[in-house]
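Everything below concerns the one structure shown next.
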Ligand code: URA
């Protein structure tokens, strides 16, 4: 089948055969199918969707495009967590050591920031010396020793996803359920895990803002996991406000350490404990979810999770003294408060705009080659529904210079709407989804 014919058939709504999808994607990888044809294919999928059989063929070819990790020599049920991406979402930094400290191995491979959303790898790399580029052998050895390693996805894992994602990013084809589901699940299935907890974000800062669509995305990913014999549980969680207070790499590490010390913002602790309880259950580490949650809360409060994080930081070359005294983390020279323009209620927060403002400040990458500034970012002090008084600080900008700080203050003020009416906002923890239907 010629690539032209495959694109044409998808465009016209015909179901492609698995062999057709495999040959088209392998042709892309080998250079026989042109990038413009793949771009056209992605747009056809964006509008037409994929049938279950087509989706599974796509996942399979993406998953097999690189190495698959085998962690059979690491004892226990290996459980990972993946978030569909958000602003201020530093949960992985807390969750992975926390769950590992409860005896469930967590092989965590994470990404860098994507578009307006931050990435775990960028956050970890704001800890001086911390290396996320472990070899697979070192990854395995650390998994055996500490039950957890926090590494970046390597070029060898699902390389087809990397190329497809970069193409989707520039062809307005990111926000598609089959394309997001195949992208996430092909990477996760290649990582050697046994079970997975998905944190599927809904709200204006999510790739699927509508809760019903977020739920459909969750069910689609669960179906893919089930077809590979993996147990997958998803939660829909709110991304119509940043999670916690801090947005920006070192600032998010500081907030994660606060949470690992038993403190931190209530919403961050709640999402972390909910996901931790689920991971512990999937890892057969507790008799029921309430017990798993109590165990997780205790490990945050008594310092076990923090101690495991310190061990991981040390093992991966990081400076543990910067965890013990977070004043040693990179800090921005300019700090400017954002004052409420009027008295009223916070009726809405444009989370995507806050994420993009953080990227513009230097906390994320405008393009793949850009270098990020680990110190810059925001503290967003308010949530939808909060009452505020004119002139009081609703946020704080941490910037490298006065000009970028001034721009960020304007962007942040515009992103936080203060009005008189009631605020409509999503429940922090939405439905728990365990089945594909
Ligand atoms: N995260 C991914 O890994 N892929 C997507 O398509 C969206 C979010």
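The values are calculated or read from the model by the stated rules, or taken from the named source; none is laboratory data. Note that the structure is predicted; figures quoted are calculated from it, not measured. In this analysis, Cβ positions are derived from the backbone assuming ideal geometry, glycine residues included, and neighbour counts consider all displayed protein chains.
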(message) Looking at (1) closer than 26 Å to residue 120 by Cα; (2) not in a helix (DSSP H, G or I), which one does residue 424 not meet, given that it meets all the others?
(response) (1)
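Here are some residues: 375, 357, 340. Which one is farther than 21 Å from residue 115 by Cβ and under 22 Å from the mean Cα position of the chain (by Cα)? Before the answer, list the steps.
Working: 357 fails: farther than 21 Å from residue 115 by Cβ; 340 fails: under 22 Å from the mean Cα position of the chain (by Cα).
Of 375, 357, 340, the one residue that is farther than 21 Å from residue 115 by Cβ and under 22 Å from the mean Cα position of the chain (by Cα) is 375.
Check segment 94-104 and report whether any residue there is over 26 Å from the mean Cα position of the chain (by Cα), surrounded by 15 or more Cβ atoms within 10 Å (Cβ to Cβ) and either modelled with pLDDT of 95 or more or part of a helix (DSSP H, G or I) (or both).
Taking segment 94-104 and keeping what is over 26 Å from the mean Cα position of the chain (by Cα), we get none.
No: segment 94-104 contains no residue that is over 26 Å from the mean Cα position of the chain (by Cα), surrounded by 15 or more Cβ atoms within 10 Å (Cβ to Cβ) and either modelled with pLDDT of 95 or more or part of a helix (DSSP H, G or I) (or both).
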(request) Can you tell me which residue within segment 66-84, out of those that are more than 16 Å from the ligand (Cβ to nearest atom) and within 14 Å of residue 150 (Cα to Cα), is farthest from the chain's Cα centre (by Cα)? (result) 78
(request) Keeping to segment 38-56, report how many residues are within 16 Å of the ligand (Cβ to nearest atom) and either within 16 Å of residue 108 (Cα to Cα) or surrounded by fewer than 19 Cβ atoms within 10 Å (Cβ to Cβ) (or both). (result) 4
(message) Of the conditions (1) away from the ligand (no atom under 13 Å from the Cβ); (2) in contact (Cβ under 8 Å) with a residue 12 or more places away in the chain; (3) assigned to a helix (DSSP H, G or I), residue 212 satisfies every one except a single condition; which number is it?
(response) (2)
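Please count how many residues of segment 165-190 are within 24 Å of residue 232 (Cα to Cα) and out of contact with any helix residue (DSSP H, G or I) (no Cβ under 7 Å at 6 or more places or on another chain). Working first, answer last.
Going residue by residue through segment 165-190, those that are within 24 Å of residue 232 (Cα to Cα) are 165, 174-190.
Now drop any that are not out of contact with any helix residue (DSSP H, G or I) (no Cβ under 7 Å at 6 or more places or on another chain), which leaves 175, 188.
Residues flagged as within 24 Å of residue 232 (Cα to Cα) and out of contact with any helix residue (DSSP H, G or I) (no Cβ under 7 Å at 6 or more places or on another chain) within segment 165-190 amount to 2.
Among the residues of segment 166-185, which ones are over 23 Å from residue 215 (Cβ atoms) and under 18 Å from the mean Cα position of the chain (by Cα)?
Step one: filter segment 166-185 for residues over 23 Å from residue 215 (Cβ atoms), giving 166-167, 169-172.
166, 169 - these are the residues of segment 166-185 that are over 23 Å from residue 215 (Cβ atoms) and under 18 Å from the mean Cα position of the chain (by Cα).
Considering only segment 227-240, I want to know if a residue exists there that is within 22 Å of residue 69 (Cα to Cα) and either within 10 Å of the ligand (Cβ to nearest atom) or part of a helix (DSSP H, G or I) (or both).
Residues of segment 227-240 within 22 Å of residue 69 (Cα to Cα): 227-233.
Filter once more, so that each one left must be either within 10 Å of the ligand (Cβ to nearest atom) or part of a helix (DSSP H, G or I) (or both): 227.
Among the residues of segment 227-240, at least one is within 22 Å of residue 69 (Cα to Cα) and either within 10 Å of the ligand (Cβ to nearest atom) or part of a helix (DSSP H, G or I) (or both), which makes the answer yes.
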(request) Taking only segment 128-171 into account, find how many residues are more than 30 Å from residue 325 (Cα to Cα), within 13 Å of the ligand (Cβ to nearest atom) and in a loop (DSSP other than H, G, I, E, B). (result) 2
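Can you tell me which of 121, 59, 87 is assigned to a loop (DSSP other than H, G, I, E, B) and either within 19 Å of the chain's Cα centre (by Cα) or within 16 Å of the ligand (Cβ to nearest atom) (or both)? I'd like the intermediate steps shown before the answer.
Values: 121 fails: assigned to a loop (DSSP other than H, G, I, E, B); 59 fails: assigned to a loop (DSSP other than H, G, I, E, B).
Only one candidate passes the filter, namely 87.
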(request) Kindly indicate the residue of segment 174-199 that is within 16 Å of the ligand (Cβ to nearest atom) and in a loop (DSSP other than H, G, I, E, B) and also nearest to residue 383 (Cα to Cα) among those meeting that condition. (result) 175
(message) What's the number of the only condition in (1) over 20 Å from residue 72 (Cα atoms); (2) modelled with pLDDT of 95 or more; (3) surrounded by fewer than 22 Cβ atoms within 10 Å (Cβ to Cβ); (4) more than 13 Å from the ligand (Cβ to nearest atom) that residue 202 fails to meet?
(response) (3)
(request) Would you mind stating whether residue 15 is touching a residue at least 60 places away in the same chain (Cβ under 8 Å), surrounded by fewer than 18 Cβ atoms within 10 Å (Cβ to Cβ) and touching a helix residue (DSSP H, G or I) at 6+ places or on another chain (Cβ under 9 Å)? (result) no
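Is it true that residue 285 is crowded, with 17+ Cβ neighbours inside 10 Å and at positive phi? It would help to see each step written out before you state the result.
Working: crowded, with 17+ Cβ neighbours inside 10 Å: yes; at positive phi: no.
In short, no.
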(request) Could you check how many residues of segment 376-393 are surrounded by fewer than 21 Cβ atoms within 10 Å (Cβ to Cβ) and within 30 Å of residue 124 (Cβ to Cβ)? (result) 4
(message) Can you find a residue that is within 16 Å of the ligand (Cβ to nearest atom), closer than 23 Å to residue 106 by Cβ and in contact with a helix residue (DSSP H, G or I) (Cβ under 6 Å, 6 or more places away or on another chain) anywhere in segment 264-280?
(response) no
(request) Being within 16 Å of the ligand (Cβ to nearest atom) and touching a residue at least 60 places away in the same chain (Cβ under 8 Å) is the filter here, so list the residues in segment 100-118 that pass it. (result) 109, 112, 113, 115, 116, 117, 118
